[in-house]
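A short worksheet on the structure shown next.
Please treat every number below as a calculation from the coordinates, not as lab data. Quick caveat: nothing in here was measured; it's all calculated off a predicted structure. Cβ coordinates were reconstructed from backbone atoms using ideal geometry, including for glycine residues, and neighbour counts include every protein chain displayed.
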Amino acid sequence: MLRVRNLDVSYGPVAALRRVSLHVNPGEIATIIGANGAGKTTLLRSIAGLTPARGGEVLFRGERISGLKPHQICQRGMARTFQVVKPLQRMSVMDNVVASAFLRAKDRSEADAVAAETLAFAGLYNDRDVISKGLPLGKRKRLEIARALATQPELLLLDESFAGLNPSELDESIGIIRKIKDRGITIMIIEHHMKVIMSISDRIVVLSYGEKLAEGTPQEIGRNPLVIEAYLGEAQSA
């Protein structure tokens, strides 16, 4: 579904990613972990066309997408959320999702139908008339996912969609991610919360100081001594 080859990204003289290579298989949940500053969000930004790479390439479904604009990449079937949620704050929850649905919808009626179904899926249908800036954080996080889903992606990139959630919100959001996978949508996610990582990941890629440190199943990563030393602090079990 996705292949990243030798990706190099710099901010001026500072190298953020150094020859990072990875792949995401169709239908799986691939999780990117690493300490703050490891290059995780830069990786997602570069894949989605928001941050240009200095070297390397990104292929989506076998097609080279490096150099394309973000909207062109989204039209090809890739959507992403943002670490800091960015709803259209003065618009209703419904209209936020309708705006995304127009990527593929032929008219307002079709966009409304897609948005209504997506909000029901995300557990936000009863909030459809609420102005989005009035939502609590947990629901704003779900709205961010709903907006991405309304573009009808084949690959969904999630940037810390669980950060700041309370335990009940966390469990609800884990359920939504699993339902997204059940729909056949491939997911690549950045996450720090180990409960989430170990419970939903098919495969984990570890970044450290802009380089790939390790890759494997949750069980393999949870007992990898390099990952424990660099990030986890102690062994983890799936």
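Label the range 1-89 by shape, choosing from rounded, prolate and oblate, from the square roots a ≥ b ≥ c of the eigenvalues of the Cα gyration tensor; if a/c is under 1.5 it is rounded, and otherwise prolate applies when a/b is larger than b/c, oblate when it is not. Write out the running numbers ahead of the final one.
Numbers: a/c = 1.29, a/b = 1.08, b/c = 1.20.
Note, shape of the range 1-89 comes out rounded.
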| Percentage relative contact order, the chain, counting C-alpha pairs under 8 Å, at least six apart | 26 percent
| task | Please figure out what share of the DSSP beta bridges in the chain is antiparallel and state it in percent, rounded to the nearest 5. | result | 55 percent
| said: Pairs of alpha-carbon atoms within less than 8 angstrom and 6+ residues apart define the contacts here; what relative contact order does the range 122-238 have, in percent? | reply: 17 percent
| note | Looks like the range 82-192, by Cα gyration tensor root eigenvalues a ≥ b ≥ c and the a/c under 1.5 rounded cutoff (else prolate when a/b is bigger than b/c, oblate otherwise), is oblate
| Backbone N within the range 111-131 under 17 Å of label point (7 Å from PHE102 Cα along the Cβ vector) | 111-116
| note | In the chain, lysine pairs 8 or more places apart or on different chains with C-alpha atoms under 15 Å apart total 5
| task | For the range 78-108 and the range 183-223, write down the distance between their C-alpha centroids in whole Å. | result | 27 Å
| the range 189-197 - phi-based ³J(HN,Hα) in whole Hz, Karplus 6.51/-1.76/1.60, Gly and Pro as x | 10, 9, 7, 9, 6, 5, 4, 5, 4
